[in-house]
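Written out below as structure tokens is the structure these notes cover.
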Amino acid sequence: MWEKIKFYATGFLLSALCWGWLFAGSCSAAQLPAMERETVTVSIRQWEELKAIISEQEELLETLETLSTEDDKSLTQLLTDLKAAKQSLRKVESELIAARQSLAIADETLKEQNKSLKILSEQIKRERKIHAQQKGQNTILGVVAGAIIGTLVAH
């Protein structure tokens, strides 16, 4: 893209230089006294070539203006897209922050539930141990009571 602009700008500058040279010559000739003025004669072919060069330079200038306008439109569109992308990024960031907070809360909840499960497991183990002890005591008491009853009945 810049290559085209450089190419057109170079042509435009050369054209402007030619016009400036012609204009400077005509201005200085107008300032000279009538006797010192010179008449420049140009062949029709040269005149037509000069007109063609000027026409080409005008077309190049219009092309540069069009490219500049298209570049402005492209830049405007790119800026609009960039703004939209930034807004989207901000939205995603806020969603990520919310998700991170939710995960932190869920992690805290899991830790609390894990503590509760450990406490319940310990209580269940104690209750089983107590139950096993009571069962053992009941068995011993049953044997002792049966021995006592058996001894009393036998006598």
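The values are calculated or read from the model by the stated rules, or taken from the named source; none is laboratory data. Only a predicted model underlies this, so the values are computations on that prediction, with no experimental measurement involved. All Cβ positions, even for glycine, are placed from backbone atoms using ideal geometry, and neighbour counts span all protein chains on display.
For region 32-51, check the following and say yes or no: at least one residue is of a type in the set (Asp, Glu) and modelled with pLDDT of 75 or more. Yes: one or more hits. Residues in region 47-68 that are among the polar types (S, T, N, Q) and either touching a residue at least 60 places away in the same chain (Cβ under 8 Å) or surrounded by fewer than 15 Cβ atoms within 10 Å (Cβ to Cβ) (or both): Ser55, Thr66, Ser68.
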